[in-house]
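The values are calculated or read from the model by the stated rules, or taken from the named source; none is laboratory data. Because the structure is predicted, anything quoted here is derived from the model rather than measured. Positions of Cβ are backbone-derived with ideal geometry, glycine not excepted, and every protein chain shown enters the neighbour counts.
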Amino acid sequence: MFKIKKREKIIFFVVLGIIVIFILEKVVFSNFRKKARDLNKKIKLQETAIRKGLSIKKSKDKIIQEYKDYAKFLITDAQDRDIIARFLKEMEKITQDSGLSVVNLAPEDKVAETPEYKEYKANLRLEGNMEQLLQFLNKVQTSNLLIKMVKLNLASKDEQASALRIDVTVSLLVPISAAKAEAAE
């Protein structure tokens, strides 16, 4: 029938090969490329999710550690009178440890309450010398309770000013736990 020359045969097979390669690329290899792109997107999404999870885990561990550090300040299930009794007992212990004499120790009747904490106050009248007062102030500051000095009034007890009469108002801050705060709302 047709007599094809050698050169034409070569061109025919080259063109046929190009067409086959083109069809294979469009049908087979493009699917592989698309799947590879999709997998890369999924991998990047998973990496992002893992990074976010790790940062949350680090934050969680930090929050738990901070909670443990401050948990000693939380008085969760105690009644007001129990807290006041503990507060007064702590103040009496601090004054005795510092060597001051307690003339009067009385809690204030009203309790200031905010959504974050309750504040209990007590008035103290003490007698002692300057060294004992400094020990008292240090012990108040290093107490395991959140005690702060609201008012400090110094007067000499005698003319030599070796003995001091000290009027102090201190307050105890008691953080309200998250569970109690949610229950109150």
Just checking, how many residues over segment 77-90 are touching a helix residue (DSSP H, G or I) at 6+ places or on another chain (Cβ under 8 Å) and of a type outside the set (G, A, S)?
0
Here is a list of conditions, (1) closer than 30 Å to I147 by Cα; (2) assigned to a helix (DSSP H, G or I), and R33 meets all of them except one; can you say which number that is?
(1)
Any chance Y120 is surrounded by 14 or more Cβ atoms within 10 Å (Cβ to Cβ), touching a residue at least 24 places away in the same chain (Cβ under 8 Å) and of a type in the set (F, W, Y)
yes
Just a yes or no: is a residue in segment 87-104 in contact (Cβ under 8 Å) with a residue 60 or more places away in the chain, in the same structural domain as I166 (by TED's automatic domain parsing) and among the aromatic types (F, W, Y)?
yes
In segment 164-185, what residues are part of a strand (DSSP E or B) and either of a type outside the set (S, T, Y) or at pLDDT below 80 (or both)?
L164, R165, I166, D167, V168, V170, L172, L173, V174, P175
In the set L88, L124, L137, L105, the lone residue that is farther than 25 Å from I176 by Cβ and either touching a Cys at 6+ places or on another chain (Cβ under 6 Å) or in a helix (DSSP H, G or I) (or both) is L137
Within segment 62-118, restricting attention to residues that are farther than 30 Å from M130 by Cβ and among the polar types (S, T, N, Q), which residue is modelled with the lowest pLDDT?
T76
Only unsatisfied item for E159, checking (1) of a type in the set (D, E); (2) closer than 25 Å to D69 by Cα; (3) without any contact (Cβ under 8 Å) to a residue 12 or more places away in the chain, is (2)
Just the residues that are in contact (Cβ under 8 Å) with a residue 40 or more places away in the chain and among the polar types (S, T, N, Q), please, taken from segment 139-156.
S143, N144
Looking at (1) assigned by TED's automatic domain parsing to the domain that holds K157; (2) part of a helix (DSSP H, G or I); (3) loosely packed, with under 11 Cβ neighbours inside 10 Å, which one does P115 not meet, given that it meets all the others?
(2)
